[in-house]
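Heads up, the thing below is written out as structure tokens.
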Amino acid sequence: MLKSCEKTGTNEFTVALSIPGDVFEKAINTAYNKEKGKINLPGFRKGKAPRSMIEKVYGEGVFYDDALDIAFPEVYEAAITEAGIEPVDNPFDFDIKEIGKNGVELVCKVTVKPEITIDGYKGLSAVKAPVEVTDEEVDADIQRKLEQNARIISVENKAVENGNIAVIDFEGFTDGEAFDGGKAEEYELEIGSGSFIPGFEEQIIGHNIGDEFDVNVTFPEEYAENLAGKSAVFKIKLHAIKAKELPALDDDFVKDVSEFDTLDEYKADIRKTLEESKQKSSESAFKNDIYDKLSELVTEEIPEAMVNRTIDNMVSEFKYNVESQGLPFEQYLGYLGMTVDSVKETYKDRALKDVKIELALEKIAELEGVEVTDEDVDAEMTAMAEKYGVDLEVVKKAVLPETVKKELKARKADEIIFANAKAEGEPKKKAAKKPAAKKTTKKKAEEAPAEEAPAEEAAAE
């Protein structure tokens, strides 16, 4: 039963409530029945001692804590519903004013969802990169297909060259001691692939079959903790040299690797596929920029509990993706030199942004009077059942209608934002004056940071 609800801080309310005597008495009896089997009293068989005797021996309040755990959740839910507040975390700072067979009087603090204001969400603008596919990009895609279909041939009487495949034994040593994961036999290493740590592959070039030699390298500072920044010597034995022999680029090749008959048709299809991919990337980047600007419109303080919950969800998804590939999560983090806490830290900014976007969409739906009917919810649940190939009743049991309604409102608010968003062209770059003979075109490309390889292949980057 709610006694009072007072705002006592940013996103914080102090709630006073009471648990009536009859409700608490019922909870005490439930706690007694749950715990009596564990209690021995002289003169009674285990589990048979009356509640009154147990209370006489151990004190009247012996079951109060358990009873409070039983009675509190239902009373608390009713109290916050009556108060009209929306908690985002468990209540804290409990102060029990009175507890006994006549009931409970207590006060607790509650962290609630922030009330936000938002303005300027219509007409947000961001750069949308133009979609253009060059002949060079088409040729590069074809080159990759040629290499995928290359024939591997043995190289005799020649030293290793860039692009060759060197078949090697290697064993790594630091401070004269072999380290775990630094050894392999007849490993096929493509020279120039950049798959091993910097400086390793280049030192293979120029060696001949049968050579035994050392490769001296230094592990990167961001490598696994036990090897980061250390100098290492790898003992190498070169067993064989292989090379890729590319097929001829003609109509016959096209027929072998695609549904097309001619090279021109194949090139046209590659260009179309690249354009579609670039279009998706452009749209995605545009949307992310709009979301960034939307999140900046939310200036209110966000409860840490909301951010932490989002971070936990992100880590759970990351863990699922890793373990679905058959690799224990903790082991994978060890390869990266990370811990669960350090992973959580990397998600912090993104989680805060996601929470702000969620709050913004909710507020926009309210401001725009977005309505979602029961029919809309039923249609969405039916679509979910069809998508996952399960019975509709399974979806209804797994997903609350209110959750679906909330998602649909956010979706409609999202549509409002992007219906009013403005796409700007890329800013024109000032052309630098260059001698005509040295005219070049440079393109920027964003590259994801390379992930560190498992320790079993410690030489590999």
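The values are calculated or read from the model by the stated rules, or taken from the named source; none is laboratory data. Just so you know, these numbers come straight off a predicted model, no measurement behind them. Here the Cβ positions follow ideal geometry from the backbone for every residue, glycine too, while neighbour counts run over all protein chains shown. Note: areas computed on protein heavy atoms with side chains; ligands, DNA, RNA excluded. Shrake-Rupley method; radii C 1.70, N 1.55, O 1.52, S 1.80 Å.
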Open item on the list: Every residue in the stretch 137-195 that is under 30 Å from SER231 (Cβ atoms), outside any strand (DSSP E or B) and open to solvent by 80 Å² or more (accessible area, probe 1.4 Å), please.
Closed with: GLU161, ASN162, ASP175
- [ ] Find the residue count for the stretch 196-207, including only residues that are closer than 12 Å to ASN164 by Cα and open to solvent by 30 Å² or more (accessible area, probe 1.4 Å).
- [x] 4
Task: Residues located in the stretch 183-201, provided they are under 32 Å from the mean Cα position of the chain (by Cα) and closer than 11 Å to VAL217 by Cβ - done: PHE196, ILE197, PRO198
Task: Members of the stretch 325-353 found to be open to solvent by 70 Å² or more (accessible area, probe 1.4 Å), at pLDDT 95 or above and more than 19 Å from GLU222 (Cα to Cα), listed by number - done: LYS348, ASP349, ARG350
TODO: Would you point out which residue out of ASP269, ASP256, ASP264, ASP252 is touching a residue at least 12 places away in the same chain (Cβ under 8 Å) and among the acidic types (Asp, Glu)?
DONE: ASP256
Task: Every pair of residues 6+ apart whose Cβ atoms lie under 6 Å, when the first sits in the stretch 211-232 and is exposed (fewer than 15 other Cβ atoms within 10 Å of the Cβ) while the second is aliphatic (A, V, I, L, M) and in a loop (DSSP other than H, G, I, E, B) - done: GLU221/ALA228
- [ ] Return yes or no: is PRO73 surrounded by 15 or more Cβ atoms within 10 Å (Cβ to Cβ) and not aliphatic (A, V, I, L, M)?
- [x] no
Open item on the list: Yes or no: the stretch 34-57 includes at least one residue that is β-branched (Val, Ile, Thr), under 38 Å from the mean Cα position of the chain (by Cα) and outside any loop (DSSP other than H, G, I, E, B).
Closed with: no
Task: Residue list for the stretch 294-313, filter: open to solvent by 70 Å² or more (accessible area, probe 1.4 Å) and under 14 Å from THR117 (Cβ atoms) - done: GLU296, THR299, GLU301
- [ ] Kindly indicate the residue of the stretch 278-293 that is basic (Lys, Arg) and surrounded by 12 or more Cβ atoms within 10 Å (Cβ to Cβ) and also farthest from the chain's Cα centre (by Cα) among those meeting that condition.
- [x] LYS278
Task: Lone qualifier among LYS412, LYS363, LYS387, LYS405 - being exposed (fewer than 14 other Cβ atoms within 10 Å of the Cβ), assigned to a helix (DSSP H, G or I) and not polar (S, T, N, Q) - done: LYS387
